[in-house]
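The values are calculated or read from the model by the stated rules, or taken from the named source; none is laboratory data. It should be emphasised that the depicted structure is a prediction, and the values quoted were computed from it without experimental measurement. Glycine also receives a Cβ, built like all others from the backbone with ideal geometry; neighbour counts cover every protein chain displayed.
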Amino acid sequence: MINIGVIGVGSMGRNHVRNILELPAHYRMIGCYDESPAQRKDIAEKFHVHCFDDVTALLTQTDAVVLAVPSSLHKEYGLLAAKYHQHALIEKPIALSEEDGNLLCKAFDAAGKTLMVGHIERFNPAVVELKKILENEHSSSIIAIEARRCSPFDPRIGDTNVIFDLMIHDLDIVLNYLQPDPIASIDAKALVVQSKANSDYVQAIVQHKGGTISTISASRVTEDKVRRIDVHTKHAYIQADLLNKTLQVTRKTSFSLDVGYKPIYKQESIVEKIMLPNVEPLKAELMEFAASIQDGRAPLTDGKSATKAVNYAQTIHDLTAHCPRLGAKEGASDE
């Protein structure tokens, strides 16, 4: 078993604690740390785990840590974990700049420890099966990939924009995982809607050198929660609903019925509804973290691929750095 601790016990950190406690064959929970005494008290009472009031005291008793602190603190706590020779699972994004991501990768390489990044959607069964389907499609047959990720506005998330908050998931899935074809160009547009300055709605269009077009949209001002990836190929239309974990493939088919007369019914296409395993992505992610530590191999979502996603996010941020506020006078900008 791996002696593990969780640093940062907000919403995501609590989910990590719950799942770790449900994996006793893989982990021994040593305890948690949070900068907030109230959070520490609450998590200790809810999950009956020890909470440290000093992060270094936790790091002297663990082999690995989950870092579920705000994105702006990933670099600080990540370097601290590497200093204490910890394996680390850092929540996405790895950092808020490519430079800091590379710095963290080098620190863990130097320590000889595993660095994994919590791009949890890679473990969503809809994404896992979608990857398998696309591997059977010839790469030149993929016409376009459309990814949409929308959520209602949450005023608690104020330390980053929608690119690093939501879009980073689909940048990782589409550009690292589903279509790792070299990129010819990226264009993007954005709007500030309810945030004080950060972009709330962004749409990016990526042209791959092989010809495929990837359109990636992210919104945190949509009054519904949407997580969709649609793929257009020469032979099929594939729809993946990441929220409801459903996947279907529509294919053109040639169908004839020999009944001695001209049939009225004509079959134009066939729809395959893929049966997906009932897997909790976070639990699968934590199992991958444990396996990568025990096997001494790079995890599926390693620091290098996560840093590449940050690079894409930074490019889109730079393209939309002066995005307007919705309803603002022409020429005004907020970001």
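Across the stretch 50-74, what is the total count of residues that are under 11 Å from Gly31 (Cβ atoms) and of a type in the set (Gly, Ala, Ser)?
Total meeting the criteria: 1.
Scan the stretch 215-225 for residues that are in a strand (DSSP E or B) and in contact with a Leu (Cβ under 7 Å, 6 or more places away or on another chain) and jot them down.
The answer is Ile216, Ala218.
Looking at Pro180 and the list (1) surrounded by fewer than 21 Cβ atoms within 10 Å (Cβ to Cβ); (2) in contact with an Asp or Glu (Cβ under 7 Å, 6 or more places away or on another chain); (3) of a type outside the set (A, V, I, L, M), which single condition is not satisfied?
Failed condition: (2).
Looking for something in the same structural domain as Ala290 (by TED's automatic domain parsing), more than 28 Å from Arg156 (Cβ to Cβ) and in contact (Cβ under 8 Å) with a residue 40 or more places away in the chain - is there at least one such residue anywhere in the stretch 27-36?
So far as the stretch 27-36 goes, yes, one or more of its residues are in the same structural domain as Ala290 (by TED's automatic domain parsing), more than 28 Å from Arg156 (Cβ to Cβ) and in contact (Cβ under 8 Å) with a residue 40 or more places away in the chain.
Conditions: (1) buried (at least 18 other Cβ atoms within 10 Å of the Cβ); (2) not in a helix (DSSP H, G or I). Ala25 meets all but one. Number of the miss?
Ala25 satisfies all of (1) buried (at least 18 other Cβ atoms within 10 Å of the Cβ); (2) not in a helix (DSSP H, G or I) except (1).
Which number in (1) touching a Ser or Thr at 6+ places or on another chain (Cβ under 6 Å); (2) under 21 Å from Asn124 (Cβ atoms); (3) at pLDDT 95 or above marks the one condition that Thr233 misses?
Failed condition: (3).
Checking the structure you have, find out if any residue of the stretch 4-15 is surrounded by 21 or more Cβ atoms within 10 Å (Cβ to Cβ), of a type in the set (A, V, I, L, M) and within 18 Å of Arg156 (Cβ to Cβ).
Checking the stretch 4-15: at least one residue is surrounded by 21 or more Cβ atoms within 10 Å (Cβ to Cβ), of a type in the set (A, V, I, L, M) and within 18 Å of Arg156 (Cβ to Cβ).
With respect to the numbered conditions (1) hydrophobic (A, V, I, L, M, F, W, C); (2) outside any strand (DSSP E or B); (3) within 23 Å of Gly101 (Cβ to Cβ), which one is the sole condition not fulfilled by Val66?
With respect to (1) hydrophobic (A, V, I, L, M, F, W, C); (2) outside any strand (DSSP E or B); (3) within 23 Å of Gly101 (Cβ to Cβ), Val66 is out only on (2).
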